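Asks: My structure is below; once you've seen it, I'll send some questions.
The values are calculated or read from the model by the stated rules, or taken from the named source; none is laboratory data. Quick caveat, the model's predicted, so the values are computed rather than measured. Using ideal geometry, Cβ is built from the backbone for each residue, glycine included, and neighbour counts are taken over all protein chains shown. What goes into the accessible areas is simple: the full protein's heavy atoms, side chains included, and nothing from ligands, DNA or RNA. Shrake-Rupley method; radii C 1.70, N 1.55, O 1.52, S 1.80 Å.
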Amino acid sequence: QVQVVESGGGWVQPGGTLTLSCTVSGSLGTFIAVGWHRQAPGQQRELVAITTRGGNTDYADSVKGRFTISRYNDKNKYLQMRSLKPEDTAVYYCNVRGYWGSEQYDLWGPGTQVTVSS
């Protein structure tokens, strides 16, 4: 019923910027958090940024000061990325979790590729 799809990925030179969007179709119910994760070639998937219901935002140390995630109550869900580095190259995933009534959910998109190179 509910689907999560990322968009906005592509190729960019080091120091450039990209904004990723997370589009959710269907009834989201009450969401607890929106997070962005990434998986680089040969690496494990890691948390990049997350926004929680209480209004808190957290970032991985590697992206702190460069990436900005949308706030919890923002209608448009996004990840703004600036001062991109080659090590940011990865597939980026949007993760939405919450609940429908008493039923919890944990939804993932298929990912979008971000490539940072000269």
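Asks: Among the listed residues 57, 30, which satisfies the condition of being touching a strand residue (DSSP E or B) at 6+ places or on another chain (Cβ under 6 Å) and loosely packed, with under 13 Cβ neighbours inside 10 Å? Talk me through it step by step, then tell me what you get.
Replies: Working: 57 fails: loosely packed, with under 13 Cβ neighbours inside 10 Å.
Of 57, 30, the one residue that is touching a strand residue (DSSP E or B) at 6+ places or on another chain (Cβ under 6 Å) and loosely packed, with under 13 Cβ neighbours inside 10 Å is 30.
Asks: Out of the residues in segment 45-54 that are open to solvent by 30 Å² or more (accessible area, probe 1.4 Å) and in contact with a strand residue (DSSP E or B) (Cβ under 8 Å, 6 or more places away or on another chain), state the one that is modelled with the lowest pLDDT. Spell out the reasoning first.
Replies: Within segment 45-54, the subset open to solvent by 30 Å² or more (accessible area, probe 1.4 Å) is 45-47, 52-54.
Of the ones still in play, those that are also in contact with a strand residue (DSSP E or B) (Cβ under 8 Å, 6 or more places away or on another chain) are 45-47, 52-53.
Numbers: 45: 97, 46: 97, 47: 97, 52: 93, 53: 89.
My answer is 53.
Asks: Also, quick follow-up: Could you check, for segment 23-33, whether at least one of its residues is within 16 Å of the chain's Cα centre (by Cα) and within 22 Å of residue 87 (Cβ to Cβ)?
Replies: no
Asks: Also: Could you list, in sequence order, the residues of segment 87-103 that are under 18 Å from residue 12 (Cβ atoms), of a type outside the set (A, V, I, L, M, F, W, C), open to solvent by less than 60 Å² (accessible area, probe 1.4 Å) and not in a loop (DSSP other than H, G, I, E, B)? Can you show your working first?
Replies: So in segment 87-103, the residues under 18 Å from residue 12 (Cβ atoms) come out as 87-92.
From what is left, the residues that are of a type outside the set (A, V, I, L, M, F, W, C) are 87-89, 92.
Checking which are open to solvent by less than 60 Å² (accessible area, probe 1.4 Å) leaves us with 88-89, 92.
Result: 88, 92.
Asks: Residue 10 - would you say it is open to solvent by 30 Å² or more (accessible area, probe 1.4 Å) and of a type in the set (Gly, Ala, Ser)? Lay out the reasoning, then the answer.
Replies: Values: open to solvent by 30 Å² or more (accessible area, probe 1.4 Å): no; of a type in the set (Gly, Ala, Ser): yes.
Taking the combined requirement at face value, the residue does not satisfy it.
Asks: Among the residues of segment 77-86, is there at least one that is of a type outside the set (D, E, K, R) and modelled with pLDDT under 95?
Replies: The initial filter retains those residues of segment 77-86 that are of a type outside the set (D, E, K, R), namely 78-81, 83-84, 86.
Now drop any that are not modelled with pLDDT under 95, which leaves none.
For segment 77-86, residues of a type outside the set (D, E, K, R) and modelled with pLDDT under 95: absent.
Asks: Can you tell me which residues in segment 33-44 are open to solvent by 50 Å² or more (accessible area, probe 1.4 Å) and under 22 Å from residue 1 (Cβ atoms)?
Replies: Step one: of segment 33-44, the residues open to solvent by 50 Å² or more (accessible area, probe 1.4 Å) are 39, 41-44.
Across segment 33-44, there are no qualifying residues.
Asks: Need pairs with beta-carbon distance below 6 Å; first residue at negative phi and free of Cβ contacts under 8 Å to residues at least 60 places away in the same chain and within segment 67-81, second of a type in the set (D, E, K, R) and open to solvent by less than 80 Å² (accessible area, probe 1.4 Å); sequence gap 6+ or separate chains.
Replies: What qualifies is 70/77.
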